[in-house]
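Colleague: Sharing a structure, written as structure tokens. Questions coming.
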Amino acid sequence: MPQIKTFFPHLLVLLFSLGWLVYNQNLLLAPVDTGDGLLHFFISQASWENPHYFLDHWGKPLFTLLTSPFAQMDYDGMFLFNLFVFIGTTVFGWLILNKLNVNKGFAICFPLFLLLTNDYTRTISAGLTEPLFSFFLVFGSWLWLRSSYLSTAFVVGCLLFQRSEGQLTVLLFLPLLIYARQWKAIFVLSLPFLVYAVLGWIFLNDIFWYFTKSPYDPANSLYGSGDYLHYLMSYKNYMGNHGLFLFLASIPMIFIHFRSKKVDFKLFGLVLISFGTFFGILISHSYFWGNGTHGSMGLTRIATQALPSFLIVSLYFFSQYSFLKKMPFNFLGYILCFGMIIQLCFSPFLKKSIQPMEESIQEIYKATFPIVTTHSPLITSNIYFAELLGRNPLKKGKPSTLVLSREILVNPKYHFEKGTYILWDNYAGPIELDVQYSLISKYPGMRLQERVEINGAEVCLFHYEGD
């Protein structure tokens, strides 16, 4: 093992990265993602009270299991969890680059490449599922290079229960095990699926729940569709100009290595898993968004699931140019590292910003905080409002808190508790929940309490006063 002093530059870069993330988090005027990010937090937090959430497909079972202790703190606990995930991703990324004998100056830039990628930084701040998936992919890649077939197989198998895109990585990894005649590893690859299948059989009475309860039905066109080239044109979000340049600069060396047969089985597997997952996600989601299937929203952050692995392999090939190897004292790499740190210090992430919808929700909250918080049941279309009130709609308790649904308003068997407040917004209400403004405003005994509209983001708070 190299002496500790060898890793002093790595430690400095890691400390800067963590400080930069924490500093930016403290500047936020609202959570980065008040939709999926908050819902994952609510699911993880509620799992200790309602264990069935540990098998909630949308919440990602393994993510829920690992984040549930952090979620008991508060929403910041999810950010803390992702900080640990970022540390793990960085450390194992460096171990891979060290094993591949990558120039140290370039290697230490690895976490800075990640932070300069808008979508990756946002997923860390929002407590989303993508960073954990990317960590497991990096960790599995390190185990693969160490010829730990059984361990790698288990880690890759766990990807199925972190994101649905894990199916792609499993399909890419399986032929490698078959070629290497690693039959025990193939069984271990299926072990996480078998364990969760048995749990589904016991608690859900459905051994195939992974498929039958998937929220990503091919026919799901809830969010519409878009351009097939959407992901290609939005590359700045999920890889940035820096990531694109690194990849393009590495392409000649990739061809040289493969043509001269300098790529052994281990390196080939690393390239297949990393590039295959990254480009596979982009191609599949371009198809889903273009056709309006599988509940696709065209979210570019999904590509960050394989971004760390993609950057590691790109850094390796980029560093193989002979003129770079001859650079004394890792000179060029350290210059690049310093330039990226300067860029981060003046990056757009440091600007305080808030979306119109979140600002409208905050205004409603300020106007009604004392009344709604203390004693009133609440039904809300926007879970950010519930989070501001310190309520989790997925947990039991008084006063009750529910997520708005059309059934609540049209089901004659449902009776509103007098004094209930209903919050409706003009995005989730009509689009995701199929609840139009008129459906609430014309409901007998319903009175408009407060209305805020900022740049087209409309939020209305109704009060049910009885029939």
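The values are calculated or read from the model by the stated rules, or taken from the named source; none is laboratory data. Source: prediction; values computed, not measured. Here the Cβ positions follow ideal geometry from the backbone for every residue, glycine too, while neighbour counts run over all protein chains shown. The area values use the complete protein model at the heavy-atom level, side chains included, leaving out ligands, DNA and RNA. Shrake-Rupley method; radii C 1.70, N 1.55, O 1.52, S 1.80 Å.
Colleague: List every residue pair whose Cβ atoms lie under 9 Å apart, where the two residues are 6 or more positions apart in sequence or sit on different chains, the first residue falls within the range 280-292 and is closer than 15 Å to Q167 by Cβ, and the second residue, located anywhere, is open to solvent by 20 Å² or more (accessible area, probe 1.4 Å) and assigned to a helix (DSSP H, G or I).
Modeller: That search, which allows pairs on different chains as well, returns G280/L168; G280/L171; G280/L172; I281/L168; S284/L168; H285/H230.
Colleague: Within the range 160-218, take every residue that is of a type in the set (K, R) and over 22 Å from E130 (Cβ atoms) and give me the one that is surrounded by the fewest Cβ atoms within 10 Å (Cβ to Cβ). Explain how you work it out, then say what you get.
Modeller: Pass one, the range 160-218, residues of a type in the set (K, R): 163, 181, 184, 213.
Those still in the list that are over 22 Å from E130 (Cβ atoms) too: 181, 184.
On the way: R181: 8, K184: 11.
By that ranking, first place goes to R181.
Colleague: Quickly run through the range 70-90 and pick out the residues that are more than 23 Å from F16 (Cα to Cα) and surrounded by 23 or more Cβ atoms within 10 Å (Cβ to Cβ).
Modeller: Keep residues of the range 70-90 that are more than 23 Å from F16 (Cα to Cα), which gives 70-75.
The one that is more than 23 Å from F16 (Cα to Cα) and surrounded by 23 or more Cβ atoms within 10 Å (Cβ to Cβ): A71.
Colleague: Consider only pairs whose beta carbons are under 9 Å apart and that are at least six residues apart or on different chains; among these, list those whose first residue lies in the range 173-200 and is touching a residue at least 60 places away in the same chain (Cβ under 8 Å) and within 13 Å of G157 (Cα to Cα) and whose second residue is open to solvent by 30 Å² or more (accessible area, probe 1.4 Å) and of a type in the set (A, V, I, L, M).
Modeller: Final answer for the pair search is F173/L272.
Colleague: Regarding the range 383-394, can at least one residue be identified that is part of a loop (DSSP other than H, G, I, E, B), within 23 Å of H415 (Cβ to Cβ) and touching a Gly at 6+ places or on another chain (Cβ under 6 Å)?
Modeller: Checked against the condition, which is being part of a loop (DSSP other than H, G, I, E, B), within 23 Å of H415 (Cβ to Cβ) and touching a Gly at 6+ places or on another chain (Cβ under 6 Å), the range 383-394 yields no hits at all.
Colleague: I'd like the full set of residues that are in contact (Cβ under 8 Å) with a residue 40 or more places away in the chain, open to solvent by 50 Å² or more (accessible area, probe 1.4 Å) and farther than 13 Å from L199 by Cα, limited to the range 37-69.
Modeller: L39, E49, W58, L66, listed by residue number.
Colleague: Is it the case, given these coordinates, that L404 is over 30 Å from H10 (Cβ atoms) and either open to solvent by less than 40 Å² (accessible area, probe 1.4 Å) or in contact (Cβ under 8 Å) with a residue 12 or more places away in the chain (or both)?
Modeller: Spelling it out, L404 is indeed over 30 Å from H10 (Cβ atoms) and either open to solvent by less than 40 Å² (accessible area, probe 1.4 Å) or in contact (Cβ under 8 Å) with a residue 12 or more places away in the chain (or both).
Colleague: Next question, about the same structure. Going through L389, L409 one at a time, which residue ends up being free of Cβ contacts under 8 Å to residues at least 40 places away in the same chain, more than 16 Å from T34 (Cβ to Cβ), touching a helix residue (DSSP H, G or I) at 6+ places or on another chain (Cβ under 6 Å) and surrounded by 15 or more Cβ atoms within 10 Å (Cβ to Cβ)?
Modeller: Going through L389, L409 in turn, the sole match is L409.
Colleague: So in the range 427-447, with the set limited to residues that are touching a helix residue (DSSP H, G or I) at 6+ places or on another chain (Cβ under 7 Å), touching a residue at least 12 places away in the same chain (Cβ under 8 Å) and not in a helix (DSSP H, G or I), which one is surrounded by the fewest Cβ atoms within 10 Å (Cβ to Cβ)?
Modeller: D434
Colleague: Which of the residues belonging to the range 419-440 are farther than 21 Å from D36 by Cα and modelled with pLDDT under 90?
Modeller: Residue satisfying the conditions is G419 alone.
Colleague: If you don't mind, there's one more thing I want to ask. Would you point out the residue of the range 178-221, among those that are farther than 29 Å from S148 by Cα and of a type in the set (A, V, I, L, M), that is modelled with the lowest pLDDT?
Modeller: A219
Colleague: Could you pull out the residue among F245, F278, F255, F268 that is surrounded by fewer than 16 Cβ atoms within 10 Å (Cβ to Cβ) and under 25 Å from W142 (Cβ atoms)?
Modeller: Just a single option satisfies the conditions, and that option is F268.
Colleague: Conditions first: (1) without any contact (Cβ under 8 Å) to a residue 60 or more places away in the chain; (2) in contact with a Leu (Cβ under 6 Å, 6 or more places away or on another chain). K266 passes all but one, so which condition is the exception?
Modeller: (1)
Colleague: Sticking with this structure for a sec: For residues in the range 298-309 being touching a residue at least 40 places away in the same chain (Cβ under 8 Å) and surrounded by fewer than 24 Cβ atoms within 10 Å (Cβ to Cβ), which is nearest to the chain's Cα centre (by Cα)?
Modeller: Among them, the one singled out is R301.
Colleague: Hey, another quick one. For the range 2-53, what are the residues that are out of contact with any Asp or Glu (no Cβ under 9 Å at 6 or more places or on another chain), polar (S, T, N, Q), at pLDDT below 95 and assigned to a helix (DSSP H, G or I)?
Modeller: Across the range 2-53, the qualifying residues are T6, N24, N26.
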